[in-house]
1. Tabulate in residue order the Karplus-calculated ³J(HN,Hα) for segment 18-27, using 6.51 cos²θ - 1.76 cosθ + 1.60 with θ = phi - 60°, rounded to whole Hz; enter x for Gly and Pro.
2. Give me a comma-separated list of calculated 3J(HN,Hα) values for segment 160-170, in order, Karplus coefficients 6.51, -1.76, 1.60 applied at θ = phi - 60°, integers in Hz, x for any Gly or Pro.
3. Anything over 24 Å Cα to Cα? Flag those among 7/165; 152/177; 58/152; 23/152, in the order listed.
4. Counting Lys and Arg as +1 and Asp and Glu as -1, each charge on the Cβ, what is the dipole of segment 1-55 about the Cα centre in debye, to the nearest 20?
Amino acid sequence: MSNEYVKRRVALKDMRPCMICSKPATTVLYNQTLRDWIYTCDIHLQDNPSFVVPVYSKEYNDAVTELQQVKQKLKVQASNGSGSWDTWVNKMFTKKKPDEDKDIDRKDVAETNIDTNDESKNSTKTTENYQEEYNRLLDKMTDLQSKVRNYKLDNIMFQHRLRTKRAQEIAIAKRKKEEANYSNTNPEELEKSFNFPTVPNVDPSKK
Ligand SMILES: [Zn+2]
């Protein structure tokens, strides 16, 4: 008995009450090993780990890993950018301002300014690339999320399904046994309840 459920759709005519909210549902989670069906609204399958968690494909998990890497790069870039800007601003105001040679200072500042501008242009371009990559991966994840078909029940929920299933099986087996007993004992019961007329003993010697 494995905790593996596959999402399926049933026709409108076959819809049944949702296990969670009792509204009519056409989505069913099917467990082949347990022969278990759970009717549910699609909404309960999302962000509801106390009921069910999706089992994502390798493609999805790879996209998540990639996304995290891009996110990290964006973060590093953002902190590097502001870091260097802060350093430059501090240098300018704390060290260079008291300097007496203003002409040289201005020239330095102007040069540094140009450099910083170039740098920030480059980094903006790369940031945009990462941002594009990030959005692309996010779209891919959303798409794969909507296509997920495999689910795992929360363990407590699954244990409950197992017990319910076992109880059902016992009840069915009991009923079958009773039916079998009834049909088996029926002829005997008939024999016992009816008094067949006794066949007169015939002594062949008296013939
Ligand atoms: Zn529901």
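What follows draws every value from the coordinates through simple rules; no lab data is involved. Everything quoted here is computed from the prediction, not taken from an experiment. When we count neighbours, we look across all protein chains shown, and the Cβ atoms used for this are built from the backbone with ideal geometry, even at glycine.
1. Rounded to whole hertz, the list is 5, 5, 8, 10, 6, 6, x, 10, 10, 9.
2. 5, 4, 4, 5, 4, 4, 4, 4, 4, 4, 4
3. 152/177
4. Approximately 240 debye in magnitude.
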